[in-house]
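Contents: one structure, followed by commentary.
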Amino acid sequence: LHFLVPWGLLLLVMVHLVFLHETGSTTKLYCHGDYDKVCFYPEYWVKDFLNVVVWLVFVVFSLMRPFFLGDPEMFIESDPMMSPVHIVPEWYFLFAYAILRAIPSKVLGVVSLFSSILVFFVFVLVDNYVSVLFKANKFFVFV
């Protein structure tokens, strides 16, 4: 399943691009007729081609020099009897690590960690955003 899903997704993207190439695209704001269609070929084809070239250069570089973009700490010889001193969490876990280290009690640390995550869900319930141009859905306030 993990092998077939990416291939199926790639097939769907290719079919989508073929249909977009054949029929063109319209914007939702200015959909007055056929003259507002955006052609796929000159503009978007060049952008997609440049993206493919950039990713292809990155893949070729990664295959030719696989360790060049890697972390230098991967090459330190490991000792199974002692954990290294320089271990730190990844950057996206640093807020949780700081909260857990700042509070000495384990239970209060875990509660404050969950509270720091749940506070973002409170923003969905707050409806103080007023806009004249765009009536925002509560989901988009969270996003």
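Note that the stretch 62-77 has calculated 3J(HN,Hα) couplings of 5, 6, 7, 10, x, 9, 5, 8, x, 7, x, 6, 5, 9, 6, 5 Hz, one per residue in order, obtained from phi through the Karplus relation 6.51 cos²θ - 1.76 cosθ + 1.60 (θ = phi - 60°); glycine and proline are x.
Once the Cβ-Cβ distance of Val46 and Val5 is raised to the sixth power relative to R0 = 35 Å, the FRET efficiency obtained is 0.75. 3J(HN,Hα) along the stretch 14-19, derived from phi through the Karplus expression 6.51 cos²θ - 1.76 cosθ + 1.60 where θ = phi - 60°, amounts to 5, 5, 4, 5, 5, 5 Hz, with x in place of Gly and Pro. Multiplying the residue separation of Met14 and Val110 by 0.36 nm and removing their Cα-Cα distance gives an extension gain of 30.0 nm.
Computed from the coordinates by the stated procedures, all read-outs in this text should not be read as laboratory data. Everything quoted here is computed from the prediction, not taken from an experiment. Glycine gets a Cβ as well: all are built from the backbone with ideal geometry, and neighbour counts include every protein chain shown.
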